[in-house]
Amino acid sequence: SGHAVAATLLGAFETVDGGTTWTLALDPTTEAGWNCPTQAIRSVVFSNNSTLVLATDCGVALRAPGTKTFTLFRTNAQVTALAVSQTKLWARTASSLFCLPDGSTQWTTLLNNGINLPVPNGNDPYSLAAFDQFAYMPSAVPNTSGKGAACMVAIYNATAGTLTAEPVTSLVSGKATETCTVTYLGG
């Protein structure tokens, strides 16, 4: 059997019998005081201490192992992606980045309305990968030639507190391609 959680547009559903039965774990619109605009769960992970973590349209919902009650870290924006690194939990919105160290209940705002890649047309808010010192947020932006797209990765350096963007270059038969696909480790 095993414990699994599914993120859906109608809330989070979980199973403890290998998928035979599913029960509603969280509907963010019905939680007292949360005032979430939708039921949608955008991402789901288990943290290093097995806490269930859900990305909602009003923040990050956390439920400790063996409990039924969720707590909310309010972001006032749709949380689109979560990542777990060696000793941290990471969350992002379209323009902010947050971190929760293992054993802590206090989130740190690393970038607040600050994800502004130095490339046109913004970034892709639906992916996030991280190691303890770095968070990676991909972005596909139009190529200057107008054909295809160039892949960019925004890199947050936690030690320096800086955000940079680097192009990802793909080579096929010795020629640079106009598009690329990226796989995210841990994201």
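The values are calculated or read from the model by the stated rules, or taken from the named source; none is laboratory data. The model shown is predicted, which means the values in this text are computed figures rather than measured ones. Virtual Cβ from ideal backbone geometry, glycine too; neighbours counted across all protein chains shown. Areas reflect the complete protein model, heavy atoms only, side chains present, ligands, DNA and RNA absent. Shrake-Rupley method; radii C 1.70, N 1.55, O 1.52, S 1.80 Å.
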Practice task
Could you calculate the contour length gain from THR23 to ASN49, that is, 0.36 nm times the residue separation minus the distance between their Cα atoms, to one decimal place in nm?
Solution key: 7.1 nm
Completion exercise
Note: GLN133 to THR69 extended length (0.36 nm per residue) minus current alpha-carbon separation gives 20.0 nm
Problem - Accessible carbon and sulfur surface of the stretch 1-109 relative to its total accessible area, %, 1.4 Å - result: 53
Problem - Distance between modelled label sites at THR108 and ASN76, nm, 7 Å Cα→Cβ extension - result: 2.2
Practice task
Calculate, for the stretch 22-79, the solvent-accessible area per residue in square angstrom, rolling a 1.4 angstrom probe over the heavy atoms of the protein chains.
Solution key: 48
Exercise for the section: Could you tell me whether the stretch 1-77 comes out rounded, prolate or oblate from its Cα gyration tensor? Rule is a ≥ b ≥ c as square roots of the eigenvalues, rounded for a/c under 1.5, then prolate if a/b exceeds b/c, otherwise oblate. Expected result: prolate
